[in-house]
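The values are calculated or read from the model by the stated rules, or taken from the named source; none is laboratory data. A quick note: this is a predicted structure, and the numbers were derived from the prediction, not measured. No Cβ is skipped: glycine too gets one built from the backbone with ideal geometry, and neighbour counts run over all protein chains shown.
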Amino acid sequence: MPELKNITGEIAKDGSFVRQSNRFTTPFGKGEGKLPVEAGRYRILWAPVCPWAHRSIIVRALLGLEDVISVGTLDPIRPANPHDWAFTLDEGEVDPVLGYHFLSEAYKKADPDYKGRFTVPAVVDLHTGGVVNNDYFNLTRYWETEWKEFHKSGAPDLYPEELRDEIDSLNDILFHEINNGVYKTGFARSQEAYEKNFHLVFNRLDWLEERLSHSRYLFGDRITESDVRLYVTLARFDIAYFNGFLANAKMLKDYPNLWGYARDLYQTPGFGDTTNFEAIKKHYHLCAVSTNPEKILPLGPDLSIWNTPHGRDRKYS
Ligand SMILES: N[C@@H](CCC(=O)N[C@@H](CS)C(=O)NCC(=O)O)C(=O)O
């Protein structure tokens, strides 16, 4: 996530946080002007703390693309230069494929004049060593639609044709009111902007709570792209956003349906096994929030409850 000192250019006059746009947005696909789809050609750089990166890693796992697109992992604690991310390695080591210490090296390789924040996820073309795509909003959709020929057999269709319009509409809502809603709450620089976004988040959680009383997942009994997008924010809610972003009307575990739903997904391969709570906790509390000058790492909340029975595999009417 961005750190407060890095986002001064992204605060509007009324104190609202307005996220920078992505610099590398060339789509994957066939034909001119697209990034060719080729096994072994790309490496996705992610930090397990980051919800935007986490969703592309979950989809990669659900579709069985692990041997097709490799992964480089960045550390939860940002290096001394606050604009960078360092690879999770022992001292003196470099990323074994790219030979880099820092994420910025991949951005600078692609554009020596790059002026934005160095963000994850970032997809690097191994032919050049430079970032070719950091379009977190669309990356999962490329994995789902353009990389189909490499999906494992029996991979779920996370973006089925007949639901695409509905999924797109829900994803927009989830982006503005949930995924980015918590950031707009936490990064608000005025009471008014904070309160507006706080209500946006909790009104939408109430709506989702109701929706999930009728079906196991957001679109019936199948997991879709929208579930991945909602999950990444729910997984960080009680451990990071409740305290760190003052999104504290309720905790996730106070919503019976949302909490059961989140545990159901967590216990599904691809979700829980890519969720690193310790990294999330460290990053948000030690790097991201400005309210913890002594850098105290909280002991709670109890994470073992994520493995308790969820009861979501029942009949819905
Ligand atoms: N690329 C997007 C979203 C991705 C994003 O914000 N990633 C965060 C991690 S959750 C990041 O890498 N932040 C680094 C920074 O702000 O310096 C953006 O520019 O806002």
Residues being without any contact (Cβ under 8 Å) to a residue 24 or more places away in the chain and either within 13 Å of the ligand (Cβ to nearest atom) or β-branched (Val, Ile, Thr) (or both) - total across the range 77-95:
5
Would you mention how many residues in the range 123-134 are more than 8 Å from the ligand (Cβ to nearest atom) and closer than 20 Å to Phe175 by Cα?
1
Any idea which of (1) within 12 Å of the ligand (Cβ to nearest atom); (2) assigned by TED's automatic domain parsing to the domain that holds Val201 is the one Ile167 doesn't satisfy?
(1)
Residue in the range 52-68 that is of a type in the set (Ser, Thr, Tyr), within 16 Å of the ligand (Cβ to nearest atom) and in contact (Cβ under 8 Å) with a residue 60 or more places away in the chain present
yes
Return the residue satisfying two criteria in turn: it lies in the range 278-317 and is surrounded by fewer than 16 Cβ atoms within 10 Å (Cβ to Cβ) and of a type in the set (Lys, Arg), and of such residues it is farthest from the chain's Cα centre (by Cα).
Lys315
I need the full set of residues from the range 255-277 which are part of a loop (DSSP other than H, G, I, E, B) and within 16 Å of the chain's Cα centre (by Cα), in order please.
Gly270, Phe271, Thr275, Asn276
Please go through the range 62-77 and give me each residue that is in a loop (DSSP other than H, G, I, E, B) and at pLDDT 95 or above, ordered by number.
Gly64, Leu65, Glu66, Asp67, Val68, Ile69
Across the range 96-106, the tally of residues that are buried (at least 16 other Cβ atoms within 10 Å of the Cβ) and free of Cβ contacts under 8 Å to residues at least 40 places away in the same chain stands at 5
Just to verify a result, which residue in the range 216-228, among those that are of a type in the set (A, V, I, L, M) and not in a helix (DSSP H, G or I), is farthest from Gly260 (Cα to Cα)?
Ile223
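Let's see how each residue does on (1) touching a Ser or Thr at 6+ places or on another chain (Cβ under 9 Å); (2) buried (at least 20 other Cβ atoms within 10 Å of the Cβ); (3) small (Gly, Ala, Ser); (4) modelled with pLDDT of 95 or more:
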position: Trp46; (1), (2), (3), (4): yes, yes, no, yes
position: Val49; (1), (2), (3), (4): no, yes, no, yes
position: Arg60; (1), (2), (3), (4): yes, yes, no, yes
position: Pro79; (1), (2), (3), (4): no, no, no, no
Verdict on Leu297 being assigned by TED's automatic domain parsing to the domain that holds Asp165, closer than 26 Å to His83 by Cβ and hydrophobic (A, V, I, L, M, F, W, C)
yes
Subset tally (residues that are surrounded by 12 or more Cβ atoms within 10 Å (Cβ to Cβ) and over 18 Å from Tyr136 (Cβ atoms)) for the range 35-44
5
